[in-house]
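Let me begin by presenting the structure, written as structure tokens, before commenting on it.
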Amino acid sequence: WDNADFSRGVGTTFYQEFSTLNTAKPPFVRDVEVKVRRYLRSSYSAVWTLKITWEKAPAYAARTDTRKTITYQAVLTTDGFRSYILMLYQDGGMQWDYTRLTSTNVLIGYT
């Protein structure tokens with residue numbers, strides 16, 4: 001979640017927390033459970049989920065170009081024993097011109 005630059009007033013970041021230990025699960029959480037089950041081919045029932053969205057985020061340094069933005073999400077979820085992250089990008093993938101970034105070792109995902 002590095003190298004987004006909101007200093008020029010372009011884009012925003014927001015989050016939504018879903019605690020579903022003893023409550024009905026909203027459609028978003030049910031969708032996350034389906035994705036985890038499909039990817040891992042095992043049972044999964046979320047007790048907590050956090051959705052973080054970076055909307056129309058320009059790359060650092062925004063002072064050079066705020067036209068190419070990206071919307072992406074990180075969804076953290078756990079069943080209390082196992083934890084997962086879904087990293088979701090807008091259709092068309094990453095829109096930043098990585099050749100113009102200040103860092104040359106660009107990675108989409110995590111290590």
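The values are calculated or read from the model by the stated rules, or taken from the named source; none is laboratory data. Nothing here was measured: the structure is a model prediction, and the numbers come from that model. Cβ atoms come from the backbone with ideal geometry, glycine included; neighbour counts cover every protein chain shown. Note: accessible area is taken over every heavy atom of the protein model, side chains too, but ligands, DNA and RNA are not part of it. Shrake-Rupley method; radii C 1.70, N 1.55, O 1.52, S 1.80 Å.
Sorting check: for 44-56, 80-92, which peptide has the highest mean count of neighbouring beta carbons within 10 Å, and how do the rest follow? Provide the component values of the computation, followed by the final result.
Values: 44-56: 16.8, 80-92: 11.1.
Going by the mean number of other Cβ atoms within 10 Å, highest first, we get 44-56, 80-92.
What is the sum of charges around E17, taking Lys and Arg as +1, Asp and Glu as -1, for the other residues whose C-beta is under 15 Å from the C-beta of E17? Mind dumping the intermediate values first?
Working: positive: K25, K51; negative: none.
Net of charged neighbours comes to +2.
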For F6 and K25 in the same chain, what is the full-extension length gain: residue separation times 0.36 nm, less their Cα-Cα distance, in nm? 3.6 nm
Compute the whole-percent fraction of alpha carbon pairs in segment 12-100 spaced more than 18 Å apart. 51
Listed residues F18, F28 arranged by accessible area, highest first, probe 1.4 Å: F28, F18
